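A short write-up of the structure that comes next.
The values are calculated or read from the model by the stated rules, or taken from the named source; none is laboratory data. These figures come from a predicted structure and were not determined experimentally. Here Cβ is always computed from backbone atoms with ideal geometry, including for glycine, and neighbour counts include all displayed protein chains.
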Amino acid sequence: MLTQLLSYFQNNISNLVEINMDFNIDSLPLAKSSKQQFWPILCSILNLPKISDAVFPVGIYYDTHCKPSSIEEFMNPFITELLNILNSG
């Protein structure tokens, strides 16, 4: 999804030397009476004025009983994909 978003805004970012991104993780219960939760990884691009207020998901974890057992395990696929984008464009 991140690759698609950056491709979409390619005309706006062609003059940028760097992209400043902010990531946030938080739980999102599906209902007050349920233990089901989403744990989205949210992103915003800070130095593109046209979209700096936009927040978009780059990953989502879902569980019926609890939060992710390990932050490292939870974040590993996202970090791997982000490093791949940084290294290969």
- Item | Of residues in segment 1-19 being in contact with a strand residue (DSSP E or B) (Cβ under 7 Å, 6 or more places away or on another chain) and in a loop (DSSP other than H, G, I, E, B), the one modelled with the lowest pLDDT | Met1
- Query: Among the residues of segment 37-89, which ones are part of a loop (DSSP other than H, G, I, E, B) and among the aliphatic types (A, V, I, L, M)?
  - Reply: Leu46, Leu48, Ile51, Ala54, Val55
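Provide a single number: the residues in segment 36-60 that are at pLDDT below 80 and loosely packed, with under 14 Cβ neighbours inside 10 Å. It would help to see each step written out before you state the result.
Within segment 36-60, the first condition is being at pLDDT below 80, and the residues that meet it are 48-53.
Next cut, loosely packed, with under 14 Cβ neighbours inside 10 Å only: 49-50, 52-53.
Qualifying residue count for the region: 4.
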- Residues of segment 48-89 being within 25 Å of Ser34 (Cβ to Cβ), free of Cβ contacts under 8 Å to residues at least 12 places away in the same chain and of a type in the set (D, E, K, R), which ones? Glu73
